[in-house]
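Just below is one structure, and these are the notes that go with it.
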Amino acid sequence: MSAYPQTQVLEALSHYLEHSPLPEELWVFAYGSLMWNPEMQVIETKQGKVHGFQRGFNLLSTVHRGTIDKPGLVLSLRHGGHCEGLAFRIAQNTKHEDFKQLWLREMVTLFYRPRVCQVITNTGVINAITFIADQEHEQYVDFDAAQCASMIGQAHGGRGSNMDYFNNTSSQLKQLKIDDPLFNEISAHWTV
């Protein structure tokens, strides 16, 4: 699937904001490339955990990290388990523009369902917006580690290689001392 026209993506944003206006204090929960490339005015960062969702390479990437002919795989959150990541507090004076740019980045094929989640940090619970997989979407996939490794190893898209995406995210998780077995399972297929 190719990217939707920007007008349609922005219509979806307007519809979302009608029902869920941005809070006074905007926090965003990052679990993939947003952790190392937020592209927002972040004024505070807290590491935390979300229960009930886990990372998966479940989004067939045909825009940012792959093409329609050779799709890549990028992360989404799917039901089950828990996920450790980063909660970012966005600057008050840029939050509307930053959220719009975040939306344009994440919602190019309207794959995700934005929702408010509770991020448990060592200083309390933060309500943050994050992006959950729509498991009914045509780009939702659930491949085994070998298939993921094969696809990630070959794909390139508008934001670069899928391998860079994987390595940057993996490095960030290691730096944060977050152990996600998903990355070990996939990378094992490249070291055989």
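As a test of the formula, what do you get for the chain when each DSSP H run with n ≥ 4 contributes -39,500 (n - 2.57) and the sum is divided by the residue count, at 222 nm and rounded to the nearest 500 deg cm²/dmol?
Theoretical 222 nm ellipticity from helices: -9500 deg cm²/dmol.
How about the range 87-192: which trypsin sites (Lys or Arg not before Pro) there are in a DSSP loop, with at most 13 other Cβ atoms within 10 Å of their Cβ?
Lys177
Provide the per-residue ³J(HN,Hα) series for the range 142-158, in order, calculated from phi with Karplus coefficients 6.51, -1.76, 1.60 and θ = phi - 60°, each as a whole number of Hz, with x at glycine and proline positions.
So the Karplus estimates, Gly and Pro as x, are 9, 8, 6, 4, 5, 5, 4, 4, 4, 5, 4, x, 10, 8, 9, x, x Hz.
A 27 angstrom limit on the alpha carbon distance is what I want to check against. Which of Lys46/Lys95; Lys49/Lys70; Lys95/Lys177 exceed it? Numbers along the way, then the final one.
Numbers: Lys46/Lys95 18 Å; Lys49/Lys70 33 Å; Lys95/Lys177 29 Å.
Result: Lys49/Lys70; Lys95/Lys177 exceed 27 Å.
Which residues among the range 12-56 fall inside the zone where the amide N is under 13 Å from a point 7 Å beyond the Cα of Gln101, along Cα→Cβ?
Only 37-43 pass the distance filter.
Quick query: amide H of Ser61 versus all other amide H atoms, modeled in the peptide plane; which residues come in under 5 Å with a sequence gap of 5 or more or a different chain?
Long-range HN contacts for Ser61: Gly72, Leu73, Val74.
Percent of Cα-Cα pairs more than 13 Å apart in the range 68-111, please. Walk me through the intermediate numbers first.
Numbers: 692 of 946 pairs.
Everything past 13 Å amounts to 73 percent.
Using θ = phi - 60° and the Karplus relation 6.51 cos²θ - 1.76 cosθ + 1.60, list the HN-Hα couplings for the range 10-26 in order, rounded to whole Hz, with x at every Gly or Pro.
Karplus values, whole Hz, x for Gly and Pro: 6, 4, 4, 5, 4, 4, 4, 5, 4, 8, 9, x, 4, x, 3, 10, 8.
Please report the base-10 log of the normalised intensity I(q)/I(0) for the chain, using a Debye sum with one equal scatterer per alpha carbon and no solvent, at each q in 0.07, 0.09, 0.12, 0.14 (1/Å).
-0.19, -0.31, -0.56, -0.78
Output wanted: per-residue J couplings in Hz (rounded whole) for the range 106-120, from phi through Karplus 6.51 cos²θ - 1.76 cosθ + 1.60, θ = phi - 60°, x for Gly and Pro.
Using θ = phi - 60°, the values come out as 7, 9, 4, 10, 6, 7, 8, 10, x, 8, 8, 10, 9, 9, 8 Hz.
Would you calculate the separation in nanometres between label points at Asp134 and Trp190, each defined as 7 Å from the Cα along the Cα-to-beta-carbon direction?
Between Asp134 and Trp190, the simple spin-label model gives 3.1 nm.
Under 14 Å Cα to Cα from Lys174, which aspartates and glutamates show up? Leave out anything in the same chain fewer than 8 places away.
Counting by Cα, and skipping residues close in sequence, Lys174 has these aspartates and glutamates nearby: Glu84.
Note down the relative contact order for the range 93-168 as a percent, whole number, built from C-alpha pairs under 8 angstrom at least six residues apart.
18 percent
Hey, in the GNM for the chain with a 10 angstrom Cα cutoff, which one of Leu26, Leu17, Leu173 fluctuates hardest?
Of Leu26, Leu17, Leu173, the most mobile in the Gaussian network model is Leu17.
Readers should treat all values here as calculations from the given coordinates under stated rules, not as data from a laboratory. The shown structure was predicted, so the numbers you read here are calculated from the model rather than taken from an experiment. Please note: Cβ atoms are built from the backbone with ideal geometry, for glycine as well, and neighbour counts cover all protein chains shown.
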